[in-house]
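The values are calculated or read from the model by the stated rules, or taken from the named source; none is laboratory data. Everything numeric here is computed off the predicted structure, so don't read it as measured data. Cβ coordinates were reconstructed from backbone atoms using ideal geometry, including for glycine residues, and neighbour counts include every protein chain displayed.
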Amino acid sequence: MDKKRKHFDALVAGSGISGMTMALLLAKTGKKVLLLEKAKRIGGLMQRFKRCGLPFDTGFHFTSGFGGIMDNLLRMLGIGDVVKAERFSPPGGARLYIKASDRLICYPEKSSEVCRVLCEHFPAEKAAIKRYFADEAGVFANTPAMHFKNMEDFFDFSAGPGSAILEEDLITLDEYLDRLAVSPELRAVLAMFAMCHGSPPSQISFANHCRVSFGLHDNIVKVKNGGDAFIRAFLREAEKLDIEIRCETFIAECLDVEDKIAKSVRLNTGEIIDFEQAVLAIHPRSILEILPEKVVSRTFRERIDKAEDTLGFFSLHARLSPKVEDFPVALTSCLLSLDLNRVMSNEHPDTAMAIMTAVEKIRNEEVQTVNAFKAMTFEDCRQWRGCPDRSADPSYQAYKKKQCAQMTADIEHIYPQFRGRLEILETATQLTFADYLFSSGTAYGIKQKSGEFNIIGKLPLRNFFAIGQSALLPGMLGAMISAFIVFARITEDRQVCELFTPEGKNI
Ligand SMILES: Cc1cc2nc3c(=O)[nH]c(=O)nc-3n(C[C@H](O)[C@H](O)[C@H](O)COP(=O)(O)OP(=O)(O)OC[C@H]3O[C@@H](n4cnc5c(N)ncnc54)[C@H](O)[C@@H]3O)c2cc1C
């Protein structure tokens, strides 16, 4: 047999949370799986990195879903024993600072409690706040994919007509808020979690906004050891299930395309891989690069060409030196402008920022760390794209310095006790994310605009499927759910449900 030719049942390209999830699901049904990752390390945006021995998160800081669907997904993957939620201290721990009014709102746990706190802050607009929270909870309750408990639920859903479209899918968040007729400040507060899906209120459907924001209003938590907890758990299971993982490896060309099916590919390493199904857990524009031109219709190409990227982030990673007495472990979102549409198109220099504070231990010493993320779009750093040695370019360094100075001033305004103590250890622009992940460096893939269809499931090659954050809903949870839904669609034998037992005793 040709040494440069190997057979696998399934091939998964992209090892972010969606690719890792899909690889595990397929392997648990006994399939021989090959997972390809173009970067040097697996994990995509879930990876952490270390500076001065301290771990920092890149693209995963907090999530919703624990105590609900996340527990069910982790159990079915057999990793619920090691991926554990960690509450902020004080509980709730999520706060919102609004620069225009110098107002700080502390969010308690539970959506109903958040509603109550906002009514206290905006007493004249109580009725509108209650209406908003009722509608948000209604969309969440009526979205089946957010409530699946076991594998049968995913199979039932995938066998049905597809996702149920709600009335709220057909209006934008802006249109909904116009009807609600709230003050500009409350409007920004209700739309704030747009930062967690990356599409501005004028474009996101009210329903998709609610699908992301309800969970975050209800139960926002960190994960112990951040994204590394998922990667370690995945590697443990991958070893048991004999998943083959190849880094710095990607599909160079589809081969033997017949009747819109490609059963083999050539990798960049020259090796030829035969397989039954391929799942692409990568940015839709990268999918287009893989599919042979002859199978891609003009409509499909235009759909992807037209798709817009979500916002990205400028990130700053620091430690406090010396330490402070008053150090909450919290997530503080900061609205530096009230107009989220302008913020998310970078038309406003004061955008929005999230500040995560944490305590890390190295060599038995507790260190206080600060991760801050400021919204930006690709336009911000387009001029340095393709620049051979950006880091040596004085204009790029000056841009980064200016961002850091602005962010430091804003952080110190919100946390006066940090003044003069922030020691910046690393920064990253959207170009840094793009370099590491072979994408445009966006935070959430492509925008999920009201009235537009996502690229999920079957692709123009009939045995190729798309999953990931651009497929269903952005964020780690949305990327994971997309993998489960598509897994149920491509797995023809419903009997596999037996392998995902309620106790999580998978094969
Ligand atoms: C700064 C930042 C903060 C964020 N914070 C949060 C948060 O707190 N909570 C949350 O839920 N979400 C957050 N997100 C979003 C979240 O990280 C993503 O929605 C999610 O991780 C996306 O997972 P994925 O599997 O779709 O893609 P990715 O994680 O992007 O993985 C795709 C992988 O595919 C690889 N790849 C690319 N091209 C190829 C190819 N041709 N062949 C093989 N491999 C390829 C890439 O190298 C990458 O490893 C954040 C994002 C950013 C940027």
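In the range 131-145, what count of residues is obtained for those that are in contact with a helix residue (DSSP H, G or I) (Cβ under 8 Å, 6 or more places away or on another chain) and among the polar types (S, T, N, Q)?
Looking only at that region, the number is 1.
Looking for something of a type in the set (A, V, I, L, M) and farther than 30 Å from Ile287 by Cα - is there at least one such residue anywhere in the range 43-60?
yes
Mind checking whether some residue in the range 280-297 is at pLDDT 95 or above, under 22 Å from the mean Cα position of the chain (by Cα) and under 18 Å from Lys32 (Cα atoms)?
Yes, the range 280-297 contains at least one residue that is at pLDDT 95 or above, under 22 Å from the mean Cα position of the chain (by Cα) and under 18 Å from Lys32 (Cα atoms).
Can you tell me which of Ala94, Ala137, Ala141 is touching a residue at least 40 places away in the same chain (Cβ under 8 Å) and surrounded by fewer than 20 Cβ atoms within 10 Å (Cβ to Cβ)?
It is Ala137.
Taking the stated definitions as given, is Ile446 hydrophobic (A, V, I, L, M, F, W, C) and within 12 Å of the ligand (Cβ to nearest atom)?
Yes; evaluated as a whole, the condition is true for this residue.
Among the residues that make up the range 77-88, is at least one of them at pLDDT 95 or above and within 12 Å of the ligand (Cβ to nearest atom)?
no
Which ranges mark the helices (runs of 4 or more DSSP H) fully within the range 337-453 that have 3 or more residues being farther than 21 Å from Asp305 by Cα and at pLDDT 95 or above?
The helices (runs of 4 or more DSSP H) meeting that bar are 394-414.
Where residues in the range 200-232 are outside any helix (DSSP H, G or I) and of a type in the set (D, E, K, R), which of them is farthest from the ligand (Cβ to nearest atom)?
Among them, the one singled out is Lys224.
Rundown of residues vs (1) free of Cβ contacts under 8 Å to residues at least 60 places away in the same chain; (2) of a type in the set (S, T, N, Q); (3) under 20 Å from Tyr396 (Cα atoms); (4) buried (at least 19 other Cβ atoms within 10 Å of the Cβ), yes/no style:
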site: Gln417; (1), (2), (3), (4): no, yes, no, no
site: Thr442; (1), (2), (3), (4): no, yes, yes, yes
site: Phe453; (1), (2), (3), (4): no, no, no, no
site: Phe465; (1), (2), (3), (4): no, no, no, yes
site: Met480; (1), (2), (3), (4): no, no, no, yes
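Could you give me the residue pairs with C-beta distances under 6 Å whose first residue belongs to the range 21-43 and is outside the structural domain of Ala252 (by TED's automatic domain parsing), whose second residue is near the ligand (Cβ under 9 Å from one of its atoms) and part of a strand (DSSP E or B) wherever it lies, and which are 6+ apart or on separate chains?
none
Report whether or not Val114 is more than 21 Å from Gly475 (Cα to Cα), in contact (Cβ under 8 Å) with a residue 12 or more places away in the chain and either crowded, with 16+ Cβ neighbours inside 10 Å or of a type in the set (Phe, Trp, Tyr) (or both).
Criteria met by Val114.
Quick check on my filter: what residues within the range 1-48 are among the small types (Gly, Ala, Ser), away from the ligand (no atom under 14 Å from the Cβ) and touching a helix residue (DSSP H, G or I) at 6+ places or on another chain (Cβ under 8 Å)?
Once the filter is applied, which keeps residues that are among the small types (Gly, Ala, Ser), away from the ligand (no atom under 14 Å from the Cβ) and touching a helix residue (DSSP H, G or I) at 6+ places or on another chain (Cβ under 8 Å), the range 1-48 yields Ala10, Ala27.
Mind checking whether some residue in the range 406-414 is of a type outside the set (Gly, Ala, Ser), under 24 Å from the mean Cα position of the chain (by Cα) and either surrounded by fewer than 19 Cβ atoms within 10 Å (Cβ to Cβ) or within 14 Å of the ligand (Cβ to nearest atom) (or both)?
Yes - at least one qualifying residue is present in the range 406-414.
If I ask for residues that are under 21 Å from Pro474 (Cβ atoms), part of a loop (DSSP other than H, G, I, E, B) and in contact with a helix residue (DSSP H, G or I) (Cβ under 9 Å, 6 or more places away or on another chain), which ones from the range 306-336 would you list?
Correct list: Ala307, Leu311.
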